[in-house]
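What follows is a short report on a single structure.
The values are calculated or read from the model by the stated rules, or taken from the named source; none is laboratory data. Small disclaimer: the values here were computed from a predicted structure and weren't measured. All Cβ positions, glycine included, derive from the backbone under ideal geometry; neighbour counts span all protein chains shown. The area values use the complete protein model at the heavy-atom level, side chains included, leaving out ligands, DNA and RNA. Shrake-Rupley method; radii C 1.70, N 1.55, O 1.52, S 1.80 Å.
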Amino acid sequence: MPLDFLKRKNGDASPSTTQSAGRPTTNAQAVSLPEEVVAQEFQLKLYYAGKSSEGVRMTAGPNALNELPSMLHGLAKNEIEVVDPLPIEFSQATPVMARPSEAMQWLNAHHVHSPVTRHALVVLESIDAVDLAFDTFVCALLDGEVDTSGYPEYNAIVGGVSAHWDEATGDMICRAVVGWGGKGVRGDTDRIGTKLLGGILSNILASQYALGLTPIERPVPAAGRGGLVCAHCGFASAHERAFYCPKCGMRLLRG
Ligand SMILES: [Zn+2]
């Protein structure tokens, strides 16, 4: 079957045009290759950055969890949103468009959130500063502006408090997290980000549940502990190695 769209239009005949489809020309007036290829350049530079503080150990319990949003009081420039750890059906969620299955999971998990929170998650998950397999993330716009659709500008700073349950003790560990980025970077953003990180950290330390600074140890893999459903809140964790329910912090019972 001839591919008509490959043929030149009538009236655009040139020596190299074939007379019958699919048959190469015998006229050897080949188009010569230029000595230098003239290329049109395309480029997109995305810049994502963020900072995470030391951890603060909190006395365990749901009260500490409820107190997380108040740690952003005085710093948040818009509404404070809480992002819970992801359940097992979203365990592959990744904000990468070229991976449709992972991207769909991510959208299904996060389309309910505000543009600020979604932007924060894209930035902070892309640079691995937040892991919703075990983190509870409390988020707001902290500095800068949003566009007319409500999405933060590249130099706006987003972030808040990230909390997870320490696998060794069951204590809640909180840390300050900030991030920014997009199509550009500005010189003073890093400095403002550091200042905001300090502000959040002092808010965390001011909590009545705070016990003091502690190094961050992410929950480590332990094979064969996955697929547990929390007997206390019914949450099915996406995190395959949790001793403690990422959502309510209670010890997971092994069936
Ligand atoms: Zn639970």
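With the checklist (1) without any contact (Cβ under 8 Å) to a residue 24 or more places away in the chain; (2) part of a loop (DSSP other than H, G, I, E, B) in hand, flag the one item ASN78 doesn't pass. Result: ASN78 passes all but (1). Is region 68-86 home to any residue that is polar (S, T, N, Q) and under 21 Å from PHE235 (Cα atoms)? Scanning region 68-86 turns up no residue that is polar (S, T, N, Q) and under 21 Å from PHE235 (Cα atoms). The lone criterion from (1) assigned to a loop (DSSP other than H, G, I, E, B); (2) under 22 Å from ASN78 (Cα atoms); (3) within 16 Å of the ligand (Cβ to nearest atom) left unmet by SER207 is number (3). Only one entry of GLU89, GLU79, GLU54 meets the criterion of being open to solvent by 30 Å² or more (accessible area, probe 1.4 Å), modelled with pLDDT under 95 and either more than 16 Å from the chain's Cα centre (by Cα) or among the basic types (Lys, Arg) (or both), and that entry is GLU89. On the stretch given as region 118-132, residues that are open to solvent by less than 10 Å² (accessible area, probe 1.4 Å) and either within 21 Å of GLY182 (Cα to Cα) or of a type outside the set (A, V, I, L, M, F, W, C) (or both) total 5. Could you tell me whether GLY160 is outside any strand (DSSP E or B), open to solvent by less than 10 Å² (accessible area, probe 1.4 Å) and under 19 Å from ARG57 (Cα atoms)? So GLY160 does not fit the description; no. Going by what's in this entry, would ARG251 be described as of a type in the set (D, E, K, R) and within 16 Å of the ligand (Cβ to nearest atom)? Yes: the conditions hold for ARG251. Selection of region 163-196 for residues being touching a strand residue (DSSP E or B) at 6+ places or on another chain (Cβ under 8 Å) and in a helix (DSSP H, G or I) yields THR189, ASP190, ILE192, GLY193, THR194, LEU196. Looking at region 169-196, which of its residues are open to solvent by 60 Å² or more (accessible area, probe 1.4 Å) and either free of Cβ contacts under 8 Å to residues at least 24 places away in the same chain or over 19 Å from GLY159 (Cα atoms) (or both)? Selection gives THR169, GLY187, ARG191, LYS195.
Conditions (1) out of contact with any helix residue (DSSP H, G or I) (no Cβ under 9 Å at 6 or more places or on another chain); (2) open to solvent by less than 20 Å² (accessible area, probe 1.4 Å); (3) within 16 Å of the ligand (Cβ to nearest atom); (4) not in a strand (DSSP E or B), marked per residue:
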| position | (1), (2), (3), (4) |
| --- | --- |
| PHE134 | yes, yes, yes, yes |
| SER149 | no, no, no, yes |
| GLY198 | yes, no, no, yes |
| PRO219 | yes, yes, yes, yes |
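Here GLY159, GLY144 are screened, and the one residue that is under 12 Å from the mean Cα position of the chain (by Cα) and on the phi > 0 side of the Ramachandran plot is GLY159.
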